[in-house]
Amino acid sequence: MQSPRTRIVEVLQLQPPCAEVRVKGWLRTVRDSKQVVFLELNDGSSMGILQVVVDPSLPNIEDVRRLTTGSAVGVRGELVPSPAKGQTVELRATEVEIIGRAEADFPLQKKRHSFEFLRTIAHLRNRTNTYGAVFRVRSKLAHAIHCFFQDRGFVYVHTPIITASDAEGAGEMFRVTTLDPAAPPKTPEGRIDWDADFFARQAYLTVSGQLNGETFAIGMGDIYTFGPTFRAENSNTSRHVAEFWMIEPEMAFFDLDDNCTLAEAFVKHLLRTLLEDCAEDVAFFDERIDKGLTARLRHVLESPFERMPYAEAVKRLEASGQSFEYPVFFGANLQAEHERFLTETIIGRPVFVTDYPKEIKAFYMRRNDDGRTVAAVDLLVPQVGELIGGSQREERYDVLLQALEETGLSPQSYAWYLDTRRYGTVPHAGFGLGFERLIMYATGMQNIRDVIPFPRTPRHCEF
Ligand code: 4AD
Ligand code: MG
């Protein structure tokens, strides 16, 4: 058996000379200079490119000369200090194995491609510097999320993806069915007979794991979920996708303030990990995507997040004199333009907006004593707007029942959820952090379609 390959990220750390190094990867460029052939090799392990120098004395040199960008090769050779500028080391090849040729129409040539174009080749775009960096950051942050909660004794709960209840009560769910849409079975009254469907009832893809998560918090204490969620909202913005990943911690015996404190520690932990573990990729984003990113993230790490009731946020927005497309008044749903103006211009750092009017928030949020607001919280951050949505939950059975009815949801469908308020109910709170929004914040990428491997948006479900 051949010795295993060394990843290029590690090769670039080696002290040359090193006699026997084996790498495998994909060619970024091939340059034939008559005496020798230069190959630039990347294997996705980092931004790093390994320069390979191929001597014409190699038996398959003619095949090597004909290699094209995008081809996969394996190289064995000696790592030496590079005499040329542009890199500190290079690999003098003693053997080049051609593993998989790229055909001549390989779409990623050595020039800048627009993100719009790269979205049309989402299956190949991870081979570019930008997307390679985005998806390494995404992977590291996913790990950091588990570390944060596991280190604090939280239990990871796998909440279901198929569900019969609308966790947000907003009616934006994708249906799951095995019925034939052309000829669904009908009831005697002529309606679709859902009893004949797979689950003998209507089922959907979940918009949130929260309600199931709550039942685990009321019994296991501190839990979190981290999974895909689905929203059939027809919004074509740079911050919405139909399928996204959400992290939802839920904590027994927590109030709204405790919730904010945990959310702040969570976001800061993730940013700290990013700066420590993804330094090369962050430096790239800082230089090429979002100038000043590192300084801004450091500033966020050092500043306490602001906390402000919705009523005050509205007053500050009204008093700002800024003209908005959508009007702002007590009772208005804050739009992205309001959220961003508040966090970017008025506050200049992340801000928790709390205690929203009950009419514009979900049924499960705890009613405040003023009778008109609920113990909701949104975390707004510069560049992105809403990163987190959460609340203290309504733990009082009667009040929750009434809220369900007011929302037009059937208490029978939520009987299991209501049960938790009948058997040992406790104050509790939680939040949901949109993972893609976090990646946007962490990288400076401006479109959510560029931070999820294969984005799903209205009319787009390729790949
Ligand atoms: O504010 P949301 O709707 O809150 C919930 O789903 C709660 N059940 C969370 C909880 O308390 N456990 O969504 C939470 C976050 C948002 O702040 C946003 O970051 C993200 O999820 N999000 C989306 N991200 C991408 N595309 C979409 N369509 C999103 N909708 C929400
Ligand atoms: Mg929200």
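The values are calculated or read from the model by the stated rules, or taken from the named source; none is laboratory data. What you are looking at is a predicted structure, and each value in this text was computed from that prediction instead of being measured. Every residue, glycine as well, gets a Cβ built from its backbone with ideal geometry; the counts of neighbours run over all protein chains shown. For the accessible areas, the whole protein counts, side chains as well, though only heavy atoms, and no ligand, DNA or RNA atoms are used. Shrake-Rupley method; radii C 1.70, N 1.55, O 1.52, S 1.80 Å.
Just the residues that are among the polar types (S, T, N, Q) and either away from ligand 2 (no atom under 14 Å from the Cβ) or open to solvent by 10 Å² or more (accessible area, probe 1.4 Å) (or both), please, taken from region 379-391.
Once the filter is applied, which keeps residues that are among the polar types (S, T, N, Q) and either away from ligand 2 (no atom under 14 Å from the Cβ) or open to solvent by 10 Å² or more (accessible area, probe 1.4 Å) (or both), region 379-391 yields only Gln383.
Please specify each residue of region 364-378 satisfying the condition of being more than 13 Å from Tyr310 (Cβ to Cβ) and either buried (at least 24 other Cβ atoms within 10 Å of the Cβ) or within 14 Å of ligand 2 (Cβ to nearest atom) (or both).
Within region 364-378, just Tyr364 meets the criteria.
Any chance you could count how many residues in region 436-463 are free of Cβ contacts under 8 Å to residues at least 24 places away in the same chain and charged (D, E, K, R)?
Final tally of qualifying residues: 1.
Kindly establish whether Thr159 is of a type in the set (S, T, N, Q), in a loop (DSSP other than H, G, I, E, B) and not assigned by TED's automatic domain parsing to the domain that holds Asp32.
yes
State which residue is nearest to Gly25 (Cα to Cα) when the search covers only region 42-69 and only residues that are open to solvent by 10 Å² or more (accessible area, probe 1.4 Å) and outside any loop (DSSP other than H, G, I, E, B).
Asn42
Among the residues of region 431-445, write down those that are over 10 Å from the mean Cα position of the chain (by Cα), of a type outside the set (Gly, Ala, Ser) and away from ligand 2 (no atom under 11 Å from the Cβ).
Answer for region 431-445, where residues must be over 10 Å from the mean Cα position of the chain (by Cα), of a type outside the set (Gly, Ala, Ser) and away from ligand 2 (no atom under 11 Å from the Cβ): Thr443, Met445.
So, in region 318-341, of the ones that are part of a helix (DSSP H, G or I) and out of contact with any Leu (no Cβ under 6 Å at 6 or more places or on another chain), which residue ends up surrounded by the fewest Cβ atoms within 10 Å (Cβ to Cβ)?
Among those residues, the one meeting the criterion is Ala319.
Quick one: is Gly408 in the same structural domain as Met251 (by TED's automatic domain parsing) and under 30 Å from Leu293 (Cβ atoms)?
no
Looking only at region 342-357, which residues are surrounded by fewer than 21 Cβ atoms within 10 Å (Cβ to Cβ) and part of a helix (DSSP H, G or I)?
Glu344, Thr345, Ile346, Ile347, listed by residue number.
For region 358-373, state whether one or more residues are assigned to a strand (DSSP E or B) and of a type outside the set (A, V, I, L, M, F, W, C).
Yes, the conditions are met somewhere in region 358-373.
Answer with yes or no whether Leu418 is assigned to a helix (DSSP H, G or I), open to solvent by less than 50 Å² (accessible area, probe 1.4 Å), more than 10 Å from ligand 1 (Cβ to nearest atom) and at pLDDT 95 or above.
Yes.
For region 274-301, give me the residue count where each residue is within 15 Å of Val381 (Cβ to Cβ) and in a helix (DSSP H, G or I).
So the answer is 8.
From the list Phe149, Phe115, which residue is under 22 Å from the mean Cα position of the chain (by Cα) and not assigned by TED's automatic domain parsing to the domain that holds Trp245?
So the residue among Phe149, Phe115 that is under 22 Å from the mean Cα position of the chain (by Cα) and not assigned by TED's automatic domain parsing to the domain that holds Trp245 is Phe115.
For region 13-41, enumerate the residues that are in contact with a strand residue (DSSP E or B) (Cβ under 7 Å, 6 or more places away or on another chain) and part of a loop (DSSP other than H, G, I, E, B).
Selection gives Leu14, Pro16, Pro17, Val36.
Could we say that Thr88 is among the hydroxyl-bearing types (Ser, Thr, Tyr), within 21 Å of Ala102 (Cα to Cα) and surrounded by fewer than 17 Cβ atoms within 10 Å (Cβ to Cβ) here?
Taking the combined requirement at face value, the residue does not satisfy it.
Go through Ala217, Ala232, Ala242 for me and flag whichever is more than 8 Å from ligand 1 (Cβ to nearest atom), open to solvent by less than 20 Å² (accessible area, probe 1.4 Å) and in the same structural domain as Ala263 (by TED's automatic domain parsing).
Ala217
Enumerate the pairs (first residue in region 294-307 and on the phi < 0 side of the Ramachandran plot; second residue anywhere and in a loop (DSSP other than H, G, I, E, B)) with beta-carbon separation below 7 Å, excluding pairs fewer than 6 apart on the same chain, so at least 6 apart or on different chains.
Note: pairs meeting the criteria are Val300/Arg349; Val300/Pro350; Ser303/Arg349; Phe305/Arg349; Phe305/Pro350; Glu306/Arg349.
State whether the residues of region 361-373 include one that is under 26 Å from Ile121 (Cβ atoms), more than 16 Å from ligand 1 (Cβ to nearest atom) and in the same structural domain as Phe244 (by TED's automatic domain parsing).
Within region 361-373, none of the residues are under 26 Å from Ile121 (Cβ atoms), more than 16 Å from ligand 1 (Cβ to nearest atom) and in the same structural domain as Phe244 (by TED's automatic domain parsing).
Looking only at region 174-212, filter to residues that are away from ligand 2 (no atom under 16 Å from the Cβ) and touching a residue at least 40 places away in the same chain (Cβ under 8 Å); which one of those is surrounded by the fewest Cβ atoms within 10 Å (Cβ to Cβ)?
Residue satisfying both the conditions and the ranking: Phe174.
What number goes with the only condition from (1) within 12 Å of ligand 1 (Cβ to nearest atom); (2) open to solvent by 40 Å² or more (accessible area, probe 1.4 Å); (3) touching a Lys or Arg at 6+ places or on another chain (Cβ under 9 Å) that Arg456 does not pass?
Here Arg456 meets the rest and fails (3).
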